[in-house]
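Scroll down for the structure; my scribbles are underneath it.
Read the figures in this text as sums done on the coordinates, not as results from a lab. Every value quoted in this text rests on a predicted model; they were computed, and no experiment measured them. When we count neighbours, we look across all protein chains shown, and the Cβ atoms used for this are built from the backbone with ideal geometry, even at glycine.
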Amino acid sequence: MVAMKPRTKAKWSTHVAAWQASGESARAFAARHGLSASMLYARARELASSPAPRIVQVVPKSQGEGSLPAEVGSLFVEVGAARVRVTAGFDPAVLSQVVRALSGVAR
């Protein structure tokens, strides 16, 4: 199987995460979003078999020129040039998929 391009992978990661969070059947979700149910299943399987994001060391940045102010109960995750704000109560599965998608784009 040919690997998905990073942009395609990010798009399908978003679709699959939304489908899984919706609780809908693949057929119902796909119909509502103008997608193919068989493609949704195939992309979900392909993304699930993708290597897990590698573990990285987290190094706090000191606030300086160009940094955003820290807010209580939130943090920023940087992957390549992307910065994602994570607040209390986030969904770990969605964050994992976002990081996975951004990791593919950042390469």
5 angstrom amide H check on residue 76, placed H, neighbours 5+ away: 86
Cβ-based exposure ranking for 16, 94, in which fewest neighbours within 10 Å come first: 94, 16
